[in-house]
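Visitor: Dropping a structure here in structure tokens format, bear with me for questions.
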Amino acid sequence: MKQLLFIFLLPLLINASCKKTVTTPSPPVTEELPQATQEGKNTCGFLVNGKVWLPKGRRGDGSPNLKWWYDPAYRNGTFNINAYRYEKSGDADFTSFVIGVSNVNSIGLHKLNNDDSGIGGYSDYYKGCIYYREDTLKGHDSWINVQKFDLQSRIISGTFKFSMYKSGCDTIHITEGRFDVKL
């Protein structure tokens, strides 16, 4: 009888001695725009239709997700920023953006997408929507404002915004754009 009672109580004793670990799920990571600095921190970010967009992920070729360059000799100073964002590692779909501006040799405001001196573009490969200069939303200001241009310290920083429309795609409003790069 004692053996039978022991057999029935054994699972209860084992269960009682086991510590249960309760894990609470981690809160989702909230992305934030980088501060609008002028220190050469190699940052860039903006809002796309109100949602934070930061460079993220890596291509299979290992190229950086944020690139920039400045050529003082080409078109009176040409400055470009390119970036891409992969949501998942190895994902074939991604978003990217580009800004290219000529006549950059001091601080100042440069218009985008209305002449040959500056372009802003955005691509959403998830949706098959690639926006070019001609897709700039009419009536919206599109610009890049170079707020620090210091070739001695090798820093270019500033802000930007532009809006784009393409038939069959979402209207894109890129706002609160900021960059701070060291050449």
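Visitor: What number of residues within segment 143-157 satisfy the criterion of being without any contact (Cβ under 8 Å) to a residue 24 or more places away in the chain and under 21 Å from the mean Cα position of the chain (by Cα)?
Guide: Qualifying residue count for the region: 0.
Visitor: Which members of segment 152-167 meet the condition of being at pLDDT below 95 and either closer than 17 Å to ASP71 by Cα or not in a strand (DSSP E or B) (or both)?
Guide: Passing the criteria: TYR165, LYS166, SER167.
Visitor: Just checking, how many residues over segment 116-127 are touching a residue at least 40 places away in the same chain (Cβ under 8 Å) and either out of contact with any strand residue (DSSP E or B) (no Cβ under 7 Å at 6 or more places or on another chain) or among the aliphatic types (A, V, I, L, M) (or both)?
Guide: So the count comes out to 1.
Visitor: Still on this structure: Check every one of the strands (runs of 3 or more DSSP E) wholly within segment 71-115 and list those with 3 or more residues that are in contact (Cβ under 8 Å) with a residue 40 or more places away in the chain, loosely packed, with under 15 Cβ neighbours inside 10 Å and not β-branched (Val, Ile, Thr).
Guide: By residue number, no strands (runs of 3 or more DSSP E) qualify.
Visitor: Restricting to segment 137-183, count the residues that are crowded, with 17+ Cβ neighbours inside 10 Å, over 17 Å from ASN82 (Cβ atoms) and in contact with a helix residue (DSSP H, G or I) (Cβ under 7 Å, 6 or more places away or on another chain).
Guide: Of the residues in that region, 1 qualify.
Visitor: Can you pull out the residues in segment 116-131 that are exposed (fewer than 14 other Cβ atoms within 10 Å of the Cβ) and over 22 Å from ILE156 (Cα atoms)?
Guide: TYR126, LYS127, GLY128
Visitor: Go over the candidates GLY62, GLY108, GLY90, GLY57 one by one and state the one that is modelled with pLDDT under 75 and either on the phi > 0 side of the Ramachandran plot or in contact with a helix residue (DSSP H, G or I) (Cβ under 7 Å, 6 or more places away or on another chain) (or both).
Guide: Going through GLY62, GLY108, GLY90, GLY57 in turn, the sole match is GLY90.
Visitor: Further, regarding this structure: Looking only at residues that are of a type in the set (S, T, N, Q) and part of a strand (DSSP E or B) in segment 131-151, which one is farthest from LYS111 (Cα to Cα)?
Guide: Checked segment 131-151; the qualifying residue farthest from LYS111 (Cα to Cα) is GLN147.
Visitor: For the condition part of a strand (DSSP E or B), of a type outside the set (A, V, I, L, M), in contact with a Phe, Trp or Tyr (Cβ under 9 Å, 6 or more places away or on another chain) and at pLDDT below 95, what is the one hit in GLY121, GLY177?
Guide: None of the other options fit; the residue is GLY121.
The values are calculated or read from the model by the stated rules, or taken from the named source; none is laboratory data. Just so you know, these numbers come straight off a predicted model, no measurement behind them. Quick reminder, even Gly has a Cβ in these numbers, built from the backbone with ideal geometry, and neighbours come from all protein chains shown.
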